[in-house]
Amino acid sequence: MQKITISGFGGQGVLSLGKFISYSAIEQNLNTSWLPSYGPEMRGGTANCSVIYSAEEIAAPVIDHPDILIAFNEPSLDKFEGSVKKGGIIITNSDIVHKATTRKDVKFYQIPVDTLAAAINKRGANVYMLGVLLPIFNGDISEEAAIHAVEHVFESKPKVIPSNIECLKAGIEYMKKLVK
Amino acid sequence: MKKLWKGNEAIAEAAVAAGCRYFFGYPITPQNEIPEYLSWRLPEVGGAFIQAESEVSAINMLYGAAGAGARAMTSSSSPGISLKQEGISYIAAAELPCVIVNMMRSGPGLGGIQPAQGDYFQATKGGGHGDYHPIVFAPSSIQEFVDLTYGAFDVADKYRTPVMIIGDGMLGQMMEPAEIPPMRDLKTLPDKNDWAACGHSDGRPRIINSLRIEPDELEAFNEHLFKKYEEITKNETRYEDYLTSDAEIVFVAYGSVARICKAAIVELRAQGIKAGLIRPITLYPYPTEIIAKLAKCDKVKKFVTVEMSMGQMVEDVRLAVNGLKPVEFYGRSGGNVMMPGDLVKYVKEGK
């Protein structure tokens, strides 16, 4: 089971990264829930979602202590870093977030996903981040499942599928080197 | 095959699968995906979607469609449901089957748009004027949204009564895997020709009415209605019992909050505190019996009712417990959602 909080500006693909994880989890026959923020919070510029996958029934769809926080902007890091589980993981988009976490009891990764993805697909940062997550998920979600999820989400825009799959694979390779 | 469904869209597709072909509504957050989905889906299956000029108009269109014998529904969120109450009372008094969805947001007044459960009284105690109750379903997952919506139309037809499905903004907006049951063959839907105003082919006029001006006639009707509610209570009361067999602390919660209680229960049990949950699936009829039975169990020390409100369902829990055990209340309101950790802390520290 993983409880993941994803947060950032609207338009950074925060909500769709969450959906990618949930679609991938379904491909693996796991239970999953995706809970978005909605309303004025989003219109004010920030969006977040809570994503859980588990082999068991998922009780609460809300997350008080995420295993993983993905912060696409600084306000998101400020807002959620304190809630991350001891020994959990914080990942920031270091193209936007220029500071480190104040937490000393978590694993911290600063990844310039905008720059890294831009070499392949300017709009592929969130799919790149999905790739980054797969090695962390430690085999719970296979590359094939994630590819199916990408294909499913972009069903109506088949042209963008190949470059997104490339982003996904690049993200996996990037993280494999870091966690080795 | 399970697919990832958003709560609101799952309700909409489940209604179509159940044979609902007519929807009347007016936009309001956080339930807009229901009308949005049905606006393209219903024409696809030969049905009709109407965005009315107001909630009052929408509920009266539903009254008309139900009176003509159609499978029909409306949906809204709290302030919009308040506007529909006059119509719901009329529908109950005219004994018409239909489905009404309330994806609750925070109140009172125009309130906010975040999740809440402040419409419990309104849903279960009638809501509009006069002596009546709709049947009220309170799903807690997207699959249960689907299953209860699918079944709601049949239950409404069986008793000729409005059925209300209440969720909250969280359940409406979230996504989970769910499987939609097969499309109902419209030929298998119940025949309503003996009462519905669908043309007097046999030369016998049908009258759909809620005006009963003679006191004796109206009293007899009210008695008839309440006999029906007795039968509904006997046949339709539903709840989930989660780990109460050895529980010393029994949570009572419905909808999304019940799931937060479950997460808290897992944590409390890991710390050696035996907690369990009664989750009413029907809020009317209320699962009074199981709560009364647990209140008589020696090992049960207390009940904790948890709601996203200032405390509404807690009154029904107190009625069921009838003074045998303490009934405590934990609530958040305004659109705030309690976390599992809040409930663990409440049980351990009493705050």
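With respect to B:E289, determine if the residue is surrounded by 18 or more Cβ atoms within 10 Å (Cβ to Cβ), charged (D, E, K, R) and either within 14 Å of another protein chain (Cβ to nearest Cβ) or under 24 Å from the mean Cα position of the chain (by Cα) (or both).
For B:E289, the condition - surrounded by 18 or more Cβ atoms within 10 Å (Cβ to Cβ), charged (D, E, K, R) and either within 14 Å of another protein chain (Cβ to nearest Cβ) or under 24 Å from the mean Cα position of the chain (by Cα) (or both) - is not met.
Give the residue that is nearest to the other protein chains (Cβ to nearest Cβ), with candidates limited to residues of the stretch B:121-176 that are in a helix (DSSP H, G or I), hydroxyl-bearing (S, T, Y) and over 28 Å from A:N31 (Cβ atoms).
Within the stretch B:121-176, the subset in a helix (DSSP H, G or I) is B:121-124, B:142-159, B:169-173.
Among the residues that remain, those that are also hydroxyl-bearing (S, T, Y) are: B:124, B:149-150, B:159.
Narrowing the set further to residues that are over 28 Å from A:N31 (Cβ atoms) leaves B:124, B:159.
Working: B:T124: 24, B:Y159: 32 Å.
Among those residues, the one meeting the criterion is B:T124.
Anything in the stretch B:333-351 that is more than 10 Å from every other protein chain (Cβ to nearest Cβ), in a loop (DSSP other than H, G, I, E, B) and at negative phi? List them, or say none.
Within the stretch B:333-351, B:S333, B:N336, B:K351 qualify.
Sort out which residues of the stretch B:214-253 are in a loop (DSSP other than H, G, I, E, B) and either away from chain A (no Cβ under 14 Å) or surrounded by fewer than 16 Cβ atoms within 10 Å (Cβ to Cβ) (or both), and write them in order of number. Don't jump to the end; show me each part of the working.
Filtering the stretch B:214-253 for residues in a loop (DSSP other than H, G, I, E, B) gives B:214, B:237-238, B:243-248, B:253.
Within the stretch B:214-253, B:E214, B:T237, B:R238, B:T244, B:S245, B:D246, B:A247, B:E248 meet the criteria.
Considering only the stretch B:1-86, give the strands (runs of 3 or more DSSP E) lying wholly within it that have at least 2 residues that are over 17 Å from the mean Cα position of the chain (by Cα) and within 14 Å of chain A (Cβ to nearest Cβ).
Details: elements: B:3-6, B:22-25, B:48-51, B:72-76.
It comes to B:3-6.
Looking at B:V257, B:V304, B:V300, B:V266, which one is assigned to a helix (DSSP H, G or I), more than 20 Å from B:I166 (Cα to Cα) and of a type outside the set (S, T, Y)? Break it down into steps so the answer makes sense when it comes.
Details: B:V257 fails: more than 20 Å from B:I166 (Cα to Cα); B:V304 fails: assigned to a helix (DSSP H, G or I); B:V300 fails: assigned to a helix (DSSP H, G or I).
The match here is B:V266.
What do you reckon, is B:I100 in contact (Cβ under 8 Å) with a residue 60 or more places away in the chain, of a type outside the set (D, E) and closer than 20 Å to B:Y26 by Cα? If you could, list the steps in order and put the result at the bottom.
Working: in contact (Cβ under 8 Å) with a residue 60 or more places away in the chain: yes; of a type outside the set (D, E): yes; closer than 20 Å to B:Y26 by Cα: yes.
So B:I100 fits the description; yes.
Check A:L77 against each of (1) more than 22 Å from A:S37 (Cβ to Cβ); (2) in a helix (DSSP H, G or I) and name the one condition it does not meet.
(1)
Starting from the stretch B:174-194, keep only residues that are in contact (Cβ under 8 Å) with a residue 60 or more places away in the chain, then list their pairs with residues that are of a type in the set (K, R) and in a loop (DSSP other than H, G, I, E, B) whose Cβ atoms are within a distance under 8 Å, requiring at least 6 positions of separation or different chains.
Qualifying pairs under 8 Å: B:P177/B:K2; B:A178/B:K2; B:E179/B:K2; B:L186/B:R21; B:L189/B:R71.
Considering only the stretch B:34-49, I want to know if a residue exists there that is in contact with a strand residue (DSSP E or B) (Cβ under 8 Å, 6 or more places away or on another chain) and either outside the structural domain of B:M170 (by TED's automatic domain parsing) or touching a residue at least 60 places away in the same chain (Cβ under 8 Å) (or both).
yes
Answer yes if at least one residue in the stretch B:308-318 is assigned to a helix (DSSP H, G or I) and within 14 Å of chain A (Cβ to nearest Cβ), and no otherwise.
Here is the first cut: in the stretch B:308-318, the residues assigned to a helix (DSSP H, G or I) are B:313-318.
Imposing the further condition that a residue be within 14 Å of chain A (Cβ to nearest Cβ) reduces the set to none.
No: zero hits.
Within the stretch A:68-93, can you find the residues that are within 14 Å of chain B (Cβ to nearest Cβ) and surrounded by fewer than 22 Cβ atoms within 10 Å (Cβ to Cβ)? Write out each step before concluding.
Within the stretch A:68-93, the first condition is being within 14 Å of chain B (Cβ to nearest Cβ), and the residues that meet it are A:80, A:82-86.
Hits for the stretch A:68-93 are A:F80, A:G82, A:S83, A:K85, A:K86.
B:R206 passes all but one of (1) at pLDDT below 95; (2) more than 21 Å from B:Y229 (Cα to Cα); (3) touching a Pro at 6+ places or on another chain (Cβ under 9 Å); (4) not polar (S, T, N, Q); which number fails?
Unmet condition: (3).
The values are calculated or read from the model by the stated rules, or taken from the named source; none is laboratory data. Predicted model, so just to flag it, every value in this text is computed and none were measured. Cβ sites come from the backbone with ideal geometry, for glycine too, and all protein chains shown count toward neighbours.
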